[in-house]
1. Report, by residue number, each residue of region 1-54 that is more than 16 Å from the ligand (Cβ to nearest atom), surrounded by 19 or more Cβ atoms within 10 Å (Cβ to Cβ) and not β-branched (Val, Ile, Thr).
2. Would you confirm whether any residue within region 97-116 is among the polar types (S, T, N, Q), assigned to a loop (DSSP other than H, G, I, E, B) and crowded, with 16+ Cβ neighbours inside 10 Å?
3. Can you tell me which residues in region 284-340 are of a type in the set (Ser, Thr, Tyr) and surrounded by fewer than 20 Cβ atoms within 10 Å (Cβ to Cβ)?
4. Filter region 306-341 down to residues that are in contact with a Gly (Cβ under 8 Å, 6 or more places away or on another chain) and of a type in the set (Lys, Arg), then give me how many there are.
5. Among the residues of region 85-121, which ones are touching a strand residue (DSSP E or B) at 6+ places or on another chain (Cβ under 9 Å) and in contact (Cβ under 8 Å) with a residue 60 or more places away in the chain?
6. Of the residues in region 212-255, how many are more than 12 Å from the ligand (Cβ to nearest atom) and either farther than 21 Å from Thr154 by Cα or of a type in the set (Asp, Glu) (or both)?
7. How many residues are in contact (Cβ under 8 Å) with a residue 60 or more places away in the chain, under 22 Å from the mean Cα position of the chain (by Cα) and in a helix (DSSP H, G or I) when one looks only at region 53-81?
8. Report yes if Val151 is at pLDDT below 95 and either closer than 24 Å to Pro136 by Cα or within 12 Å of the ligand (Cβ to nearest atom) (or both), otherwise no.
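The values are calculated or read from the model by the stated rules, or taken from the named source; none is laboratory data. Given the structure is predicted, the values throughout are model-derived calculations rather than measurements. No Cβ is skipped: glycine too gets one built from the backbone with ideal geometry, and neighbour counts run over all protein chains shown.
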Amino acid sequence: MEFRHPIVAAPMAGGPSSNELARAVASTGALGFLGGGNKTAARVAEDYRSVAASGDVGVNLFVPDAANTAVDVAKSQQGRAEKLAAFREELLPFAQRLGVELPTVEQAGADVSDDWEAKLEAAVEWPIVSFTFGLPGPELFQRLHESNTDVGVTVTSAAEARNAADHGADFLVVQGPEAGGHRSVHDPLGVPETLELAELLDAVHAVVDIPFVAAGGIMTPEDVHKVRAHGASAAAVGTALLLTDEAGSNALHRYMLRTDRSGITQLTRVFSGRVSRSLVNELMSLDAPAVYPEVNALTVPIKRAAIEARDPRSTHLFAGTGYLQARTGSAVEIIEWLASS
Ligand SMILES: Cc1cc2nc3c(=O)[nH]c(=O)nc-3n(C[C@H](O)[C@H](O)[C@H](O)COP(=O)(O)O)c2cc1C
């Protein structure tokens, strides 16, 4: 896999990675991405068809636990229902305040597949796919290679990088702790690596010889230059695109990124059961169990209602550590500026 442009638009499911953003990014020659997580396969396939003519666009998929070789099945099942029931109780005051009903624990666990098999079938038409949240087995890499799909894996440690390369990854996205949104720690129960991005890039560089892209806190041309000096083929930017005209970031998210001048972001499991980085709010005072995607299903009605009501206390406000430097304007302008290093 060759990166012809120094910038990649990091995938951002849940709205920000709109088709408009992917088209604008691809039109500059940079690699655009669609966030394929939490959507049906049919929808992702349709989105891809509507952006494909603009240039290079990859599709990012969430690896479900059932396909993730890093999951310790016995451990991850331990006390799952009880932990979810206790967490659901803690969510009730938030639900009541917003006037929404929460699903039962059974309902929250009814479909944990994220339409994975159908997405893999659709992937034969996608030249570039990246996986986050886990590492599928080598046979899946082989299957995608048969349809000439280049396959990337987001990794957060040197050990994950080595395993991904061994399984057949064509490229890696090395995600540092600075990154906004979810961290792609492969073991859902795992403690995220704390090495800052530049050091993590060096650690990965020492153990793999496939191309890698850097992600996490990259906000300026100087940041792009720095990660390339540490061996990255390209810089993946997420937060730097959240305020662009084409991003599908919701109005509350945009407002909070522009007005919360604290500069503080924190890691939390509360929004989904997996670790993510967000601006700080009241919901984050709760402790959620490491049970993905059920915790996500439980919190969805609260997050949606909060966005609708423009109530920043109880929804995810994903942001990387560099969010104070996020700029408004067109994605083309920002990509060209970032690439000017
Ligand atoms: C709002 C938001 C949503 C995200 N959603 C995804 C996703 O669907 N898949 C994924 O692999 N990473 C996701 N991420 C992580 C980004 O792909 C990327 O690693 C991160 O944004 C890089 O750090 P930065 O935000 O400091 O640029 C998301 C990040 C944000 C901010």
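1. Arg23, Ala24, Ala26, Ala45
2. As a first pass, look at region 97-116 and keep what is among the polar types (S, T, N, Q): 104, 107, 113.
Within this subset, residues satisfying the condition of being assigned to a loop (DSSP other than H, G, I, E, B) are 104, 113.
Next cut, crowded, with 16+ Cβ neighbours inside 10 Å only: none.
Checked against the condition, which is being among the polar types (S, T, N, Q), assigned to a loop (DSSP other than H, G, I, E, B) and crowded, with 16+ Cβ neighbours inside 10 Å, region 97-116 yields no hits at all.
3. Keep residues of region 284-340 that are of a type in the set (Ser, Thr, Tyr), which gives 285, 292, 299, 314-315, 321, 323, 328, 330, 340.
Residues satisfying the conditions are Ser285, Thr328, Ser330, Ser340.
4. Total meeting the criteria: 0.
5. Residues of region 85-121 touching a strand residue (DSSP E or B) at 6+ places or on another chain (Cβ under 9 Å): 114, 116, 119-120.
Answer for region 85-121, where residues must be touching a strand residue (DSSP E or B) at 6+ places or on another chain (Cβ under 9 Å) and in contact (Cβ under 8 Å) with a residue 60 or more places away in the chain: Asp114, Lys119.
6. The total comes to 8.
7. 3
8. Working: at pLDDT below 95: no; either closer than 24 Å to Pro136 by Cα or within 12 Å of the ligand (Cβ to nearest atom) (or both): yes.
Spelling it out, it is not the case that Val151 is at pLDDT below 95 and either closer than 24 Å to Pro136 by Cα or within 12 Å of the ligand (Cβ to nearest atom) (or both).
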